[in-house]
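Here is the structure we will look at.
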Amino acid sequence: MGLALARSRRRWQSACMPPPLAVRAAEISRLVRDEARRRGVRWTNQRQIIVDRFVHSGQHLSVEDLHRLAREADPTVSAATVYRTVNLLVELGIAHKRHFDGTGSASFEVAFQREHHDHLVCLSCGSIQEFQRDSIERIQEEVAREYGFTLAAHRLELYGYCAACRASGKDASATLHRPPT
């Protein structure tokens with residue numbers, strides 16, 4: 001990780017609130033561009049579009065989703081360029097690669113300058129809802145302490161059926177994806 005990226009990450013991590021999306025997006029774009037150039041990676045308008053679309057989406061995106069978004073801005077963006085750019089974002093700690101059971105493919109979310117959060121995953125439509133509850137965090141810390149475990153990180157994913165799928169009858173009887181085991 002580049003020194004500028006590490007310094008910037010520390011600066012924002014020390015703040016109480018994450019910066020507004022526009023500030024984050026501009027800073028992330030600049031940091032990724034500078035780090036890519038430092039590594040000898042050619043920075044192109046297409047890579048800039050991919051990074052901008054990813055950061056501004058505010059969603060969990062598959063490479064295919066991001067490719068579609070990038071092609072809206074530039075129809076010549078290739079899937080290979082999207083894959084390489086997403087891999088760079090993961091290497092730099094800007095993105096997390098996630099594999100949610102039942103959704104069928106990897107998805108990516110912005111990791112840089114984000115508060116910790118957990119996920120609700122719909123087994124019918126594959127939608128992913130982020131949430132954060134201090135009470136859950138405290139319970140996890142208590143459990144770790146009770147077992148003499150030093151907690152370094154955790155990931156909580158709750159699987160079920162979203163309100164829209166339940167309302168339309170797409171619940172357990174019409175599950176498109178298998179529940180995790």
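The values are calculated or read from the model by the stated rules, or taken from the named source; none is laboratory data. Everything numeric here is computed off the predicted structure, so don't read it as measured data. Positions of Cβ are backbone-derived with ideal geometry, glycine not excepted, and every protein chain shown enters the neighbour counts.
Being modelled with pLDDT of 85 or more and within 13 Å of the chain's Cα centre (by Cα) is the filter here, so list the residues in the stretch 120-130 that pass it. Correct list: Gln129 only. Of all residues in the stretch 75-104, those being outside any helix (DSSP H, G or I), surrounded by 14 or more Cβ atoms within 10 Å (Cβ to Cβ) and more than 11 Å from the chain's Cα centre (by Cα) number 6.
In the stretch 138-169, the residue that is nearest to Ser107 (Cα to Cα) out of those that are modelled with pLDDT of 90 or more and among the acidic types (Asp, Glu) is Glu141. Against the list (1) in contact (Cβ under 8 Å) with a residue 40 or more places away in the chain; (2) more than 14 Å from the chain's Cα centre (by Cα); (3) part of a helix (DSSP H, G or I), the condition Val41 fails is (3). Being assigned to a loop (DSSP other than H, G, I, E, B), without any contact (Cβ under 8 Å) to a residue 60 or more places away in the chain, in contact with an Asp or Glu (Cβ under 8 Å, 6 or more places away or on another chain) and under 30 Å from Ala25 (Cβ atoms) is a condition met by at least one residue of the stretch 113-131. The number of residues in the stretch 53-68 that are over 14 Å from the mean Cα position of the chain (by Cα) and either closer than 19 Å to Glu91 by Cβ or surrounded by 20 or more Cβ atoms within 10 Å (Cβ to Cβ) (or both) comes to 1. Just to be sure before I move on: is Phe54 touching a strand residue (DSSP E or B) at 6+ places or on another chain (Cβ under 9 Å), outside the structural domain of Asp171 (by TED's automatic domain parsing) and part of a helix (DSSP H, G or I) in the structure I sent? Criteria met by Phe54. For Glu109, the criteria (1) charged (D, E, K, R); (2) in contact with a Lys or Arg (Cβ under 8 Å, 6 or more places away or on another chain); (3) not assigned by TED's automatic domain parsing to the domain that holds Ala25 hold in every case but one, which is (3).
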